[in-house]
Amino acid sequence: MRRTLLFWALVYAALLLLAVFYLIPIYVLLINALKDYREVSVEAMWRLPEHLSLASFAKAWYGDPGVGMSGLGQNFWNSVKLVVPATFFSVLLGSINGYVLAQWRFRGSETLFFLLLFGMFIPYQSVLIPLVKVLMKLGLYGTISGLVLTHVVYGIPITTLIFRNYYAQIPRELGEAAQIDGAGVLGVYRHVILPLSAPGTVVAVIWQFTQIWNDFLFGVVITNKPSVQPITVALNNLAGSYIVEWNVQMAGAILAALPTLAVYILMGRYFIRGLLAGSVKG
Amino acid sequence: MKKRAKAWGIGALLGLLIAGLGLAQGGKLEIFSWWTTGGEAAGLFKLFELYKQKHPGVEIINAAVAGGAGSNAKAVLKTRMLGGDPPDSFQVHMGHELIDTWVVTGFMEPLDEIFQKNGWEEVFPKGVLELLKWNGHYWSVPANIHRANVLWYNQAIFEKYGLTPPKTFDDFFAAAEKLKAAGVIPLALGDNGIWASTHLFETVLIGTLGPEGYKGLWTGATDWKGPGVRQALETFARMLDYVNPDHAARSWDQANDLIIQGKAAMYIHGDWANADFMAKKFEGYGWAPAPGNYGVYDALSDTFGLPKKAPHRQEAIWWLELVGSKEGQEAFNPLKGSICARTDCDPKLFNPYLQWAMERWKTDTIVPSLAHGAAAKESWLAAINDTMSLFVTSRNVDQAQAMLAQACVDAGVCK
Amino acid sequence: MRRYRRTAFLLLLPSLVLVAVFVYGFIFWTGELSLTNQNDLFVPQVRFVGLENYQRLFAHPRFQIDLRNTLVFSLIFIPGSLILGLFGALLLNTGVRGEGFFRTIFLMPMALSFIVTGVAWRWLMNPTSGLNLLFDALGLGFLKSGWYTDPAVGIKAIALAAIWQLSGYTMALYLAGLRAIPRELYEAAEVDGATPWQAFRYVTFPLLTPVTLSAVIVLGHISLKIFDLVVAIAGISGGPAFSSDVPALFMFVTTFQANRFAQGAAISIVLLVLVSFLVIPYLYWSLRQEVAE
C-alpha cells in the first residue's frame, strides 16, 4: 500500500490529538502542584506557574500540624511496607502454582485452574464482610500485615495465571531430563524452571506492585487509622476535605503516582505484558 | 554560691529525669475527633494546652480525622472500636449517635461517679442531662451546645429590599418571591454533603409539626404517613425553588460564601456559620430563629465518652473532667463558636450571637437535632439522608413520604 | 510418577486452601449473611428472613438508580474504550516513527490508581474550573457542563474519566492483536484488488473479534465493580440524587456506614451474580479453546 504525505499528516495529527487527550490531566496536576500558594485559584487553572514552587509538595508530604493535617509521607512509607512483602509472597506462590499447573498437569488440574482464575474476577465486595471479621479474629484488622495477607491471597489468581502461561512455553522435556538425573518436583523447579523465570517474574512483580500500590478498596476497608493507611486512602481523605488547598491535593496525587509511574516508564514493556495476561489468554 | 548552682543543676536534671520517666511510663492520652480546622481546631488545641498545664508529662495524641463533616471520622472510629482498639476518649454527638451506636452495644463505661464528683447534675440543664442518660446512667460529657435552626441573612440585602426576618413560612415565601424577582438568590444551600439538605428539612419539620410533634417523630408518637410530614415535604420542596442552582456542587461553607458575597439573602443553617462569618471577617450579617422555629432550640452537642477498653483510663478521666469544667468550657466554646452546655459560663466571654443563643437556651423548648445525630440512630439517619438525596432532585412527595415511613419501621420505632 | 504428582499437588495446596477459604468460603458466608436479619450493629435475635433483603433491595429507589447508572456507564465506557483503543492501535500500527513514544503516553493512565485519576478529573470537571474554562477560552461554551454535580450528567462524567484511564488497555490488546495478523493476508488481499477499507473490513476486523470479546468481558466486569473512581470524583455520597452512585458504593455505605450488614451482603451477592454471568462462560470458553489447541 502506498502512503501519501496527506496520509502521514493525518496520522500524526490524530496521534498528537490523542496525546493531548491523555496528557491533559497529568499536565493539570503538574502545573498546579508546582504553583506558589498565592497563584492558586480555580479560575487560573490553566495558567503556567510564574514562580516554580515545591511548597505544595512539601505540604502534601509533611502535612500541616497547625491545622491538624497529617502529611502523606508516612502513608507513602506504609504503602512501601505493604507492597514489598505482599508482592514478594504473591509472586512466590504464583510461581509455584504456575509451575505445577504448567508442568505437572493432573486429572482435575484444569478445573482447579478455572476455580483459581474465577477468584480474579469476583467483586471483592462479596468477601469484604467475612474478611473483616476474620482479620479481627486474627488480630490483623487495621494493620499493614492484615493488608499484606489480603493482597497475597487475592493476588494468587493473577500471578498463577502469569506464571502458568509463561512456564507453558518451557518444553517439558527439560524437566524430564532433569528427572532422569534424579531431580524431584522441587529439584526440577529449582534447577530447571527457576533459572529461566526472570522475564516472567519481572512481569508478575511489576503487575502486583502496580495493583497493590494502586489499591483503594482493601485499604479503606481494612486499615482504619490514618497513621496505618496506604497512600491511596490518605490521598482520597486529603481530597475529600475542603480545608486543603487543591494544589496540595494535586501535589499529593503526583506523589502517590510517582512509584508506579516510574516503574511504568522504565519497564513499560513488562507492564504491558502483565496487562495482556489479565485477559486470560496470554 | 558555687555549691548552690550545682544543687540547682542537679535539681533540674532530676526534674528532667522525672519528666522523662513520666513519658516513659506511658503517660499518654489519645483524643479522637473531627476537629481539624478553624475555630474547632483552635478550641481543641486550647483544651490540650489547659490539659498539659494540669497534667504535665502526659503526651497528648491528637487523632483527629478530617473530611466529610465527621463522616470519615465516624467510619474510622467504628472500625477502631469494633477492632478492640479504641482511643482514650472520642468526640461523639449527644443523643442517639452515642447511645444506639456505642452504649446499647456495651462499648462504653458509665460516668455517674465523675458526674457526682464534679457536681455536674447541678450545672447542666435538665434537658441536656436527659439526653445524656440511658438506662439511668450518664454516658458522656457535653463540651458545647450548637443551635441548628438559625436563619442567617445579609443585612445590606434585607435593608435594600425593606425585609425583616420572616417568622412564618408564609413570610418566608413572600420575602423569597420579592428577592427572586429582584435577581437575588433568596436562600443559600450547599448540600454536596447531603446532610445539609436534611438539616434544612429538619427545621421545616419543626416549623410544621411544632416541637412536640417533631419530638414524637422519634418515638413513634407522630405518624410519618400523616398530613404533617406531607405538608413539611411540600413546604421543603417549595423552598428548594428558591435556592442557588449549584447547591449540589457547594459545601456548607461555600453556601455561606454566597451570603458574604451578597449573592444570596438568607441561609438556614447551624451556628457554626457564625464562626465562619467571623473567620472570614464578615460583619454584615444578622440572625433570627428559622421560619416557624420561634421558641424552639434545635440543639446538638459534641460530647466525649469513655470507652471500656480505653488504654489510658486515668488520663481519659482527667480529660473528661476538664471538658466538663467551667474553665474548660469557657476556654473552648468562644473559639469553637458554640455556647457552654453548663449554665454558669460568663456571657462576657462570648460574641453577640452567642450571647443571644445563651439567652434562648434558658427559655426555648429544646429539641434534638436530626441531621447531627441527636434525634435518631445512625442507620435511621442514613435512610433519611438517602431520601433527601433523591427528594432534592425529584421533589416526589409520595415517594419520599413512603421512604421516610419505611425508615422508621426499619429503625424499629414504628410498626 | 504418581509420587511426583502428589508432591506437585502438595505444592499447590497452600494456595488452594487460601483461595478455598478466602474466595469460596467467604462468598458462601456472605450469601448466608444476606439471608438473615443482621441489619444493625447489635441484633438481639439473629434469624433467617429468606429473600427479604433482596426484595427490599430491588424495591429500593437508590438501587434501581444504581442499576440504571451501571447500565449507562457500561454503554458509554465499553464502546468508548473499544473505539478509542482500536483507533489508537491502528494509528500506532501504521509504522509511524515515534511509535514507542506515543504508546508510552497512551498507556500511561493504566499505571495510575483510580484515586489519582479521580483527583485530576474531579478538578477538571469542577463546574467553575477545568474543562469548562477551557471550553470558554476555545469558544466552545456550548460544551460546558455541570459534570458530576449535575444530576442529569452524573455517571456519564465518571464514564469519561474511566475511558481516559482504561482505553489504553484496549489499545494494548488491539495492538497485540494487530501484530499477530500475518502480513501475507494483507498481501493476498492487495493482490485481489481490495481497497484499504475492504482489507480492514474483511481481514483485520474478523481477526480482531476474539480480542474484542476479551476486551468487552474485562471492561464489562470493571463496569460492574467500579468504585474507587466514583468515590474519588463524586464523593462517598454518590453525587446529587445518586446520579453517580453505583452498586459497589451503595454496598460500602450500607455496610460500613449504616451498619446494615445483611443488606450490604445482598448487594454484593447481586454484583457477584452479574459478574458471574459475564465471566464464567468466558473463562470456560478460553480454557476450552486452549485445550483444543
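The values are calculated or read from the model by the stated rules, or taken from the named source; none is laboratory data. Bear in mind that the values here come from a model prediction, so they are computed numbers and not experimental data. Here the Cβ is made from the backbone with ideal geometry for all residues, glycine too, and neighbour counts use every protein chain on show. Ligands, DNA and RNA are stripped out before the accessible areas are found, and what is left, the full protein with its side chains, is counted by its heavy atoms. Shrake-Rupley method; radii C 1.70, N 1.55, O 1.52, S 1.80 Å.
Taking amide hydrogens as modeled 1.01 Å from N in the peptide plane, which residues meet the under 5 Å criterion relative to residue A:64, leaving out close sequence neighbours?
Here the answer is A:69, A:70, A:71, since their amide H atoms fall under 5 Å of that of residue A:64.
Counting DSSP beta bridges with both partners in the protein assembly as shown, what percentage is antiparallel, nearest 5? Present the calculation step by step, with values, prior to reporting the outcome.
Details: 26 of 40 bridges.
Of the beta bridges lying entirely in the protein assembly as shown, close to 65 percent run antiparallel.
Rank C:63, C:48 by accessible area, highest first, at a 1.4 Å probe radius?
Working: C:63 5, C:48 130 Å².
Descending accessible area places them as C:48, C:63.
Can you show me the helix-derived [θ] at 222 nm for the protein assembly as shown, built from DSSP H runs with n ≥ 4 at -39,500 (n - 2.57) apiece and divided by the number of residues, rounded to the nearest 500. Intermediate results must be reported in sequence, preceding the final value.
Numbers: 43 runs with 607 residues, N = 990.
Result for the protein assembly as shown: -20000 deg cm²/dmol, rounded to the nearest 500.
Select from the range C:263-293 all residues whose loss of accessible area on going from the chain by itself to the full protein assembly reaches 50 Å² or more (probe 1.4 Å).
C:283, C:287, C:290
Counting only the heavy atoms of the protein chains, how much of residue A:41 is accessible to a 1.4 Å probe, in Å² to the nearest 10?
Near enough 40 Å² of accessible area.
For chain B, give me the percentage of DSSP beta bridges that are antiparallel, rounded to the nearest 5 percent. Can you show the working numbers first?
On the way: 22 of 36 bridges.
Among the beta bridges of chain B, antiparallel pairing accounts for roughly 60 percent.
Picking from C:147, C:35, C:229, whose Cα lies most toward the positive end of the charge dipole for chain C (charges on Cβ: Lys, Arg +1; Asp, Glu -1)?
So the residue furthest toward the plus end is C:35.
Taking H as built 1.01 Å from N, whose amide H comes closer than 5 Å to the amide H of residue B:285, not counting residues under 5 places away?
Result for residue B:285 returns B:155.
For chains A and B, what's the summed buried accessible area, probe 1.4 Å, to the nearest 100 square angstrom?
1200
Around residue A:18, what is the net charge, scoring Lys/Arg as +1 and Asp/Glu as -1 over all other residues with Cβ under 14 Å from its Cβ? Mind showing how you got there, number by number?
Numbers: positive: C:103; negative: C:99.
With Lys, Arg at +1 and Asp, Glu at -1, the net is 0.
Can you give the FRET efficiency to the nearest 0.05 for residue B:212 and residue B:168, using r as the Cβ-Cβ distance and R₀ = 25 Å?
Numbers: r = 18 Å, r/R0 = 0.73.
According to the calculation, E is roughly 0.85.
Could you give me the ³J(HN,Hα) list for the range A:12-19, computed from phi with Karplus coefficients 6.51, -1.76, 1.60 and θ = phi - 60°, whole Hz, x at Gly and Pro?
5, 4, 5, 4, 5, 4, 4, 4
Take every Cα pair under 8 Å in chain B that's 6+ residues apart, average their separations, divide by the length, and report that relative contact order as a whole percent. List each step's numbers first, then the result.
Numbers: 691 pairs, mean separation 109.7, N = 415.
Dividing the mean separation by the residue count of chain B yields 26 percent.
Which order do the peptides B:332-341, B:230-239 come out in when sorted by mean C-beta neighbours inside 10 angstrom, highest first? Don't jump to the answer; show the numbers that get you there.
Numbers: B:332-341: 25.6, B:230-239: 19.9.
Highest to lowest by the protection proxy: B:332-341, B:230-239.
First obtain the Kirkwood hydrodynamic radius of the range C:16-68 from its Cα pairs, then insert it into the Stokes-Einstein equation at 4 °C and 1.567 mPa s, and state the resulting D in µm² per second as a whole number.
On the way: Rh = 13.0 Å.
The estimated diffusion coefficient comes to 100 µm²/s.
With angles folded into 0 to 90 degrees, how steeply does helix B:326-336 sit against the dominant principal axis of chain B? Use alpha carbons for both and round to 10.
50
Which value in nm describes the separation of the simple spin-label points at residue C:289 and residue C:87, placed 7 Å from the Cα toward the beta carbon?
2.6
Which pairs break 29 Å Cα to Cα here: B:178/B:225; A:59/A:225; B:309/C:225; B:280/C:144?
Details: B:178/B:225 33 Å; A:59/A:225 20 Å; B:309/C:225 37 Å; B:280/C:144 31 Å.
Flagged as over cut-off: B:178/B:225; B:309/C:225; B:280/C:144.
Could you calculate the FRET efficiency of residue B:365 with residue A:17 from 1/(1 + (r/R0)^6), where r is the beta carbon distance between them and R0 is 56 Å, rounded to 0.05?
Details: r = 65 Å, r/R0 = 1.17.
Once the sixth-power term is evaluated, E becomes 0.30.
Please state the shape class of the range B:27-129: rounded when a/c is under 1.5, otherwise prolate if a/b exceeds b/c and oblate if not, all from the C-alpha gyration tensor. Intermediate results must be reported in sequence, preceding the final value.
Values: a/c = 1.39, a/b = 1.04, b/c = 1.34.
Rounded.
On average, how much accessible surface per residue is there in the range A:73-277, in Å², for a 1.4 Å probe, leaving out ligands, DNA and RNA?
Working: 6990 Å² over 205 residues.
Accessible surface, normalised per residue, equals 34 Å².
What accessible area per residue, rounded to a whole number of Å², is obtained for chain B using a probe radius of 1.4 Å? Please list the in-between numbers first.
Details: 16210 Å² over 415 residues.
On a per-residue basis, chain B sits at 39 Å².
What's the average, rounded to a whole number, of partner chain beta-carbon atoms within 10 Å of each residue's beta-carbon in A:106-119? Let's see the in-between values first.
Details: counts 7, 1, 1, 4, 4, 1, 5, 4, 5, 6, 6, 5, 9, 7.
For this peptide, the per-residue mean of nearby foreign Cβ atoms is 5.
When we measure straight from the Cα of residue A:35, which aspartates and glutamates land under 15 angstrom away, once same-chain ones fewer than 8 places off are left out?
Within reach: A:43, A:50, A:245.
Expressed as a whole number of Å, what is the distance separating the alpha-carbon centroids of the range B:97-151 and the range C:1-48?
When both Cα centres are located, 43 Å separates them.
Need the list of lysines near residue B:117 for cross-linking: C-alpha distance under 16 angstrom, and skip anything on the same chain fewer than eight residues off.
List returned: B:326.
May I ask for the distance between the Cα centers of the range A:74-115 and the range A:222-275, given as a whole number of Å?
If you average the Cα positions of each part, the centres end up 24 Å apart.
For the pair A and C, how large is the buried accessible area, both sides, in square angstrom to the nearest 100, if the probe is 1.4 Å?
Working: alone 16580 and 17600 Å², together 25320 Å².
The A and C chains share an interface burying roughly 8900 Å².
Quick check for you: with a 1.4 Å probe and neighbouring chains kept, what is the accessible area per residue of the range C:62-292, in Å²?
Values: 8480 Å² over 231 residues.
With the other protein chains kept in place, the range C:62-292 gives 37 Å² per residue.
Give me the percent relative contact order of the range A:73-277, please, defined on Cα pairs under 8 angstrom at least 6 residues apart.
Values: 203 pairs, mean separation 68.1, N = 205.
For the range A:73-277, the relative contact order is 33 percent.
Evaluate the distance, in nm, between pseudo-label points positioned 7 Å from the Cα of residue C:13 and of residue A:10 along their respective Cα→Cβ axes.
It is 6.4 nm.
Among residues other than residue A:91 whose Cβ falls under 15 Å from its Cβ, what is the net charge (Lys/Arg +1, Asp/Glu -1)?
Numbers: positive: A:164, A:273; negative: none.
It works out to a net charge of +2.
What does the net charge come to around residue B:188 if you take all other residues with beta carbon closer than 10 Å to its beta carbon, with K and R at +1 and D and E at -1? Please report the intermediate quantities before stating the final value.
Values: positive: B:250, B:263; negative: B:257.
Here the count lands on +1.
Using a 1.4 Å probe on the protein heavy atoms, what percent of the accessible area of the range A:73-277 belongs to carbon and sulfur?
Numbers: 4670 of 6990 Å².
Exposed carbon and sulfur together represent 67 percent of the surface.
If I take R0 = 22 Å and measure r between the Cβ atoms of residue A:180 and residue A:92 in this structure, what FRET efficiency does the formula 1/(1 + (r/R0)^6) give, to the nearest 0.05? Before the final figure, lay out the partial values.
On the way: r = 28 Å, r/R0 = 1.26.
Result of the calculation: an efficiency of 0.20.
Place the peptides A:251-259, A:178-186, B:283-291, C:52-60 in order of packing, highest mean first, counting for every residue the other Cβ atoms within 10 Å and averaging per peptide.
Working: A:251-259: 24.7, A:178-186: 13.7, B:283-291: 18.9, C:52-60: 17.0.
Going from most to least packed, we get A:251-259, B:283-291, C:52-60, A:178-186.
Below 8 Å, C-alpha to C-alpha, sequence gap of six or more: please give me the relative contact order for the range C:62-292 in percent. Before the final figure, lay out each step's value.
Values: 267 pairs, mean separation 65.1, N = 231.
Relative contact order of the range C:62-292: 28 percent.
Once phi is turned into ³J(HN,Hα) by the Karplus curve 6.51 cos²θ - 1.76 cosθ + 1.60 with θ = phi - 60°, what whole-Hz value does each residue of the range C:73-79 show in order, with x for glycine and proline?
Residue by residue, the range C:73-79 yields 4, 4, 5, 8, 5, 5, x Hz.
List the residues, sorted by chain then number, that are 5 or more residues from residue B:108 or on another chain and whose placed amide H is less than 5 Å from its amide H.
B:308
Assign one of three labels to the range A:61-100, namely rounded, prolate or oblate, based on the Cα gyration tensor with a ≥ b ≥ c the square roots of its eigenvalues; rounded applies when a/c is under 1.5, prolate when it is not and a/b is larger than b/c, and oblate otherwise. Before the final figure, lay out each step's value.
On the way: a/c = 8.40, a/b = 6.94, b/c = 1.21.
Prolate is the answer for the range A:61-100, as a/c is 1.5 or above and a/b outweighs b/c.
So, in Å, what gap is there between the alpha-carbon centers of the range C:91-109 and the range C:252-293?
Measuring centre to centre over Cα atoms gives 35 Å.
Which angle between 0 and 90 degrees, to the nearest 10, do you get for helix A:109-121 versus the longest principal axis of chain A when only C-alpha atoms count?
That helix lies at roughly 10 degrees to the long axis.
Return one number: the angle in degrees, 0 to 90 and rounded to the nearest 10, between the long axis of the Cα atoms of helix B:195-217 and the longest principal axis of the Cα atoms of chain B.
80
Calculate one ³J(HN,Hα) per residue across the range B:132-144 by plugging θ = phi - 60° into the Karplus curve 6.51 cos²θ - 1.76 cosθ + 1.60, and present them in order as whole Hz with x for glycine and proline.
Listing the rounded values in order: 7, 8, 8, 6, x, 10, 8, 10, 7, 10, x, 8, 7 Hz.
How much accessible area does residue C:115 have with a 1.4 Å probe, in Å² rounded to the nearest 10?
We get 0 Å² for residue C:115.
Under 1.5 on a/c is rounded, so check that first for the protein assembly as shown, then, if it is not, pick prolate when a/b is larger than b/c and oblate when it is not; a ≥ b ≥ c are the square roots of the alpha carbon gyration tensor eigenvalues.
Numbers: a/c = 1.83, a/b = 1.51, b/c = 1.21.
Taking the square roots of the gyration eigenvalues as a ≥ b ≥ c, the protein assembly as shown is prolate.
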